[in-house]
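S.K.: Please find one structure pasted underneath; my questions will follow.
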Amino acid sequence: MDNILFLAHTEADGSLNKAALEALSSAVELKQSLGGTLDVALYGAQIQPAADSIAACGATRFLAVCGEPFAEARFATDAAASEALLRASGATIVIAAATSRSSRVMAAVAHRVGGCADTHVNAVAAASGATTVTRWFYRQRIEGSLTRSQRPWILLLDPGSRPAWKGEAGSVTPELIDVPLSDSLRRTTVQGVVTPPADQQTIRPDADLLFVAGAGWTKKQKDGQTHVPEAEIIIVDFLRSSKASLGGSKSLVDISGENQSTLHFMTHLNQVGQTGSSPRHPKGLAACCHGEEPHTVGWRFISERRAINLDPNCGWARGKADVLYVADAFEVMTKVNALLSGK
């Protein structure tokens, strides 16, 4: 029988982020299916607020590594904390959220404890007493199921794959695990965090809406001229007013490498589909996109997909969008911005 460990790092205020609560939801469901025990392991500068917030999750033990050295994301200390917590729990299956901080260290932790790790997991289930995971391959285009006999087995759950755990807050006293910190573990120091101003942030994973711009924004319009500066103003104004996240088709992000005018704020980090990301947002709106299959594959997790295109026979019109607006994207988005500014 497998014993399950939910492993997570806390935020600066001692809370758990949404991705961690999604992983906890999966761990709780697996424990209910398998039986066995569920332990919770937390590490960070503060852990008490997080522990109290999930006190009703049904965990048998709450373990923690706490202290200022574990406040920042640092490979050496994060790996040491995770290893110590895993060994203290004796768990055979570890479920953690695939945040950038956790993903950086879990392969090393699995190696240290003689286990194995799987990434891009989107579901964990138990059948006939065996644990099976479903995960993505090849940039989330191929889905496969697998099981392993090697233990401990560390699973990194992709954010957005499961509903976040919800429950009553309570009071719990975690068992503190001591992690000796040598000078070698402290060699890396965090000098500070540099973030762009809020109005320049274009990638917002938790946004309700994903706005995807296509190469049509940089092409000649009905007057025979390009209007890239105007396109930038329209898109930035919309992102600022709607707080949407920005995506881009591969054809658009590649234009900059072809010596053509492009949106200066669009990078390969914004790319959706065709080896880009497969984001998860409740709604999506694409403008000036042709709806190529590789692009729409990147939209597989968008619940409601809409598009704006002058061509009624574009790829989006052939069943890939829930709603297609046959209209000029410049005119439509200008009107939308006017409506948003009036609120």
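S.K.: Give the stretch 123-142 a look and list any residue that's within 29 Å of R87 (Cβ to Cβ) and in contact (Cβ under 8 Å) with a residue 40 or more places away in the chain, or say none.
M.R.: Answer for the stretch 123-142, where residues must be within 29 Å of R87 (Cβ to Cβ) and in contact (Cβ under 8 Å) with a residue 40 or more places away in the chain: A123, V124, A125, A126, G129, T131.
S.K.: Among all residue pairs at least 6 apart or on different chains, which show Cβ distances below 7 Å where the first residue, located in the stretch 4-28, is assigned by TED's automatic domain parsing to the domain that holds A45 and surrounded by fewer than 24 Cβ atoms within 10 Å (Cβ to Cβ) and the second is part of a strand (DSSP E or B) and of a type in the set (D, E)?
M.R.: Matching pairs, first to second residue: none at all.
S.K.: A follow-up question, please. Evaluate the stretch 65-78: report whether one residue or more is in contact with a Gly (Cβ under 8 Å, 6 or more places away or on another chain), among the acidic types (D, E), within 25 Å of R187 (Cβ to Cβ) and at pLDDT 95 or above.
M.R.: No, there is no match, as no residue in the stretch 65-78 is in contact with a Gly (Cβ under 8 Å, 6 or more places away or on another chain), among the acidic types (D, E), within 25 Å of R187 (Cβ to Cβ) and at pLDDT 95 or above.
S.K.: Within the stretch 80-107, can you find the residues that are in a helix (DSSP H, G or I) and under 21 Å from the mean Cα position of the chain (by Cα)?
M.R.: Correct list: S82, S100, R101, S102, S103, M106, A107.
S.K.: Looking only at residues in the stretch 42-57 that are in contact (Cβ under 8 Å) with a residue 60 or more places away in the chain and touching a strand residue (DSSP E or B) at 6+ places or on another chain (Cβ under 9 Å), which one is farthest from G14 (Cα to Cα)?
M.R.: My answer is C57.
S.K.: So, one more: Here are some residues: G224, G170, G192. Which one is among the small types (G, A, S) and at pLDDT below 90?
M.R.: Step by step, each of G224, G170, G192 is checked, and only G192 is among the small types (G, A, S) and at pLDDT below 90.
S.K.: Please find, among R305, R280, the residue that is at pLDDT 80 or above, outside any loop (DSSP other than H, G, I, E, B), not assigned by TED's automatic domain parsing to the domain that holds E143 and not aliphatic (A, V, I, L, M).
M.R.: That would be R305, the only listed residue that is at pLDDT 80 or above, outside any loop (DSSP other than H, G, I, E, B), not assigned by TED's automatic domain parsing to the domain that holds E143 and not aliphatic (A, V, I, L, M).
S.K.: Does T147 fit the bill of being free of Cβ contacts under 8 Å to residues at least 24 places away in the same chain and surrounded by 10 or more Cβ atoms within 10 Å (Cβ to Cβ)? Full working, then the answer.
M.R.: On the way: free of Cβ contacts under 8 Å to residues at least 24 places away in the same chain: yes; surrounded by 10 or more Cβ atoms within 10 Å (Cβ to Cβ): yes.
The answer is yes for T147.
S.K.: Strands (runs of 3 or more DSSP E) wholly in the stretch 115-162 with at least 3 residues that are touching a helix residue (DSSP H, G or I) at 6+ places or on another chain (Cβ under 9 Å) and either of a type in the set (G, A, S) or outside the structural domain of R300 (by TED's automatic domain parsing) (or both) - which ones?
M.R.: Hits in the stretch 115-162: 116-127, 153-157.
S.K.: Also, quick follow-up: Could you tell me whether any residue of the stretch 319-331 is in a helix (DSSP H, G or I), closer than 27 Å to Q200 by Cβ and either among the β-branched types (V, I, T) or within 27 Å of the chain's Cα centre (by Cα) (or both)?
M.R.: no
S.K.: Restricting to the stretch 187-237, what's the tally of residues that are over 23 Å from V332 (Cα atoms) and of a type in the set (V, I, T)?
M.R.: The qualifying residues number 6.
S.K.: If you don't mind, there's one more thing I want to ask. Conditions first: (1) over 15 Å from T202 (Cα atoms); (2) in a helix (DSSP H, G or I); (3) β-branched (V, I, T). T275 passes all but one, so which condition is the exception?
M.R.: For T275, the failing item is (2).
The values are calculated or read from the model by the stated rules, or taken from the named source; none is laboratory data. Because the structure is a prediction, the values reported are computed rather than measured. As a convention, Cβ positions derive from the backbone with ideal geometry for all residues, glycine included, and neighbour counts pool all protein chains shown.
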